[in-house]
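Engineer: The structure under discussion is supplied below as structure tokens; questions concerning it will follow.
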Amino acid sequence: MMGKLKVYADRMSQPSRAVIIFCRYNGIDFEEIKVDISKRQQLSPQYAEVNPFQKVPAIVHGSLKLSESHAILVYLASAFPGIADHWYPTDLFKRAKINSVLDWHHSNLRYGTVNYAVNTVLGPATGVPLSPKAAAEAEKVLLSSLSKLEDIWLNGDGPFLLGGLKPSIADLSLVCEIMQLEVLDEKDRSRILSPYKKVLQWIEDTKTATNPHFEEAHNILYKAKSKFEQQRSRVAETGTEPSNKIGGHAKM
Ligand SMILES: N[C@@H](CCC(=O)N[C@@H](CS)C(=O)NCC(=O)O)C(=O)O
């Protein structure tokens, strides 16, 4: 018999949140084991036994140890009974298109989002200096990805990716990614996202479709957002750099 599913995660990590929300929404019985990136726990020898790549998330299910959130979501949607078909359809054409979105995500939306957030906000909190040049390059990738989302992936009849009427694992993964932009200065976040009306609506639709689990998993991010806002107003008032840190020496 398979033991209980173990999910190794840090909720400040967007792919970790996607896996947690999927498990919670679908009533999968699992144990969440926090791997605190701010304490560099992902680099411990114990965690390397679970995931030799030393990133979160990862799962252990029976003798299976699995890293990479997309592979994890595909496995969970396929291995657990009673998961609604819309998450990862059995129809091969639909499944292939979802895989296509997931592959695209890594080097486009995720690349742009992570590098923009690290180089504008998360950097100092994670021991990495801000780089306006790297941020400008990341912004180009991010804007191009958002416009591809708007014009191509969200160009179907339904409210979700590929014209879906209900969310798939790709909706969950990509929306969790974009949510990382919550930590930005509001004027940057709004400048980046506000031109993409379909994207904004799709974020809301994905939240609604997966709540209360979506908001519950994002609470930590909302807390970090307000901490960063307070830091920014302190810097604006006093001209001094923030001393308190959120996160670790890692990419979120
Ligand atoms: N492609 C991987 C990305 C995993 C990843 O980059 N995780 C980050 C947190 S979002 C991490 O563990 N960073 C720790 C580090 O770089 O040391 C996935 O989808 O699971």
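Each reported figure results from applying straightforward, stated rules to the coordinates on display, with no laboratory input. Quick caveat: nothing in here was measured; it's all calculated off a predicted structure. Cβ: placed from backbone, ideal geometry, glycine included. Neighbour counts: every protein chain shown.
Engineer: Ranked by Cβ crowding within 10 angstrom, fewest neighbours first, how are E215, E32, E177 ordered?
Structural biologist: Numbers: E215 12, E32 16, E177 22.
Starting with the residue having the fewest Cβ neighbours, the order is E215, E32, E177.
Engineer: Okay, moving on. Could you state, as a whole-number percent, how many of the C-alpha pairs of the chain are farther apart than 27 Å?
Structural biologist: 36 percent
Engineer: Could you list K223, K55 in order of exposure, starting from the residue whose Cβ has the fewest other Cβ atoms within 10 Å? Mind dumping the intermediate values first?
Structural biologist: Numbers: K223 12, K55 21.
Exposure proxy ranking, most exposed first: K223, K55.
Engineer: Any of K34/K94; K39/K225; K97/K198; K187/K223 with alpha carbons more than 22 Å apart? Name them for me.
Structural biologist: Checking Cα-Cα distances, K34/K94 exceed 22 Å.
Engineer: Now a separate question. Ordered by residue, what ³J(HN,Hα) values in Hz, to whole numbers, does the range 112-120 give under the Karplus form 6.51 cos²θ - 1.76 cosθ + 1.60, where θ = phi - 60° and Gly and Pro are x?
Structural biologist: Running phi through 6.51 cos²θ - 1.76 cosθ + 1.60 with θ = phi - 60° gives x, 5, 4, 5, 5, 5, 5, 7, 10 Hz.
Engineer: Follow-up. Using C-alpha positions alone, give me the convex hull volume of the range 1-107 per residue in cubic angstrom.
Structural biologist: 107 Å³
Engineer: Where the centre of each part is set by its Cα atoms, how far does the range 1-78 sit from the range 155-208, in angstrom?
Structural biologist: 23 Å
Engineer: Between E216 and A79, what is 0.36 nm times their sequence separation minus the Cα-Cα distance? Round to one decimal in nm.
Structural biologist: Additional length available on full extension: 46.9 nm.
Engineer: Which one of P167, L122, L200 is farthest out on the positive end of the charge dipole of the chain, using unit charges on Cβ (Lys, Arg +1; Asp, Glu -1) and the Cα centre as origin?
Structural biologist: Result: L122.
Engineer: With charges set only on the Cβ (+1 for Lys and Arg, -1 for Asp and Glu), what does the dipole of the range 76-220 come to about its Cα centre, in debye to the nearest 20?
Structural biologist: Working: 14 positive and 18 negative charges, 60 e Å.
Roughly 280 debye, rounded to the nearest 20.
Engineer: Determine the gain in length on full extension of the stretch E137-T208; use 0.36 nm per residue of separation and subtract their C-alpha separation, reporting nm with one decimal.
Structural biologist: Numbers: separation 71, 0.36 × 71 = 25.56 nm, distance 3.25 nm.
Roughly 22.3 nm would be gained on extension.
Engineer: Take I33, I72 and order them by how many other Cβ atoms sit within 10 Å, fewest up front.
Structural biologist: Placing the least packed residue first, the sequence is I33, I72.
Engineer: Amide H to amide H, which residues 5 or more places from A58 or on other chains are under 5 Å from it, using H placed in the peptide plane?
Structural biologist: It is Y8, by chain and number.
Engineer: Give me the dipole magnitude in Debye, nearest 20, for the chain about the Cα centre, with unit charges on the beta carbon: positive for Lys and Arg, negative for Asp and Glu.
Structural biologist: About 400 debye.
Engineer: Please give the net charge around I220, taking every other residue with its beta carbon less than 12 angstrom from that of I220, where Lys and Arg add +1 and Asp and Glu add -1.
Structural biologist: Neighbour charge sum, excluding I220 itself: +1.
Engineer: Mind listing the long-range amide H neighbours of G164? Cut-off is under 5 Å, sequence gap 5 or more, other chains count too, H placed in the peptide plane at 1.01 Å from N.
Structural biologist: Those qualifying (amide H under 5 Å, at least 5 residues apart or on another chain) are G158.
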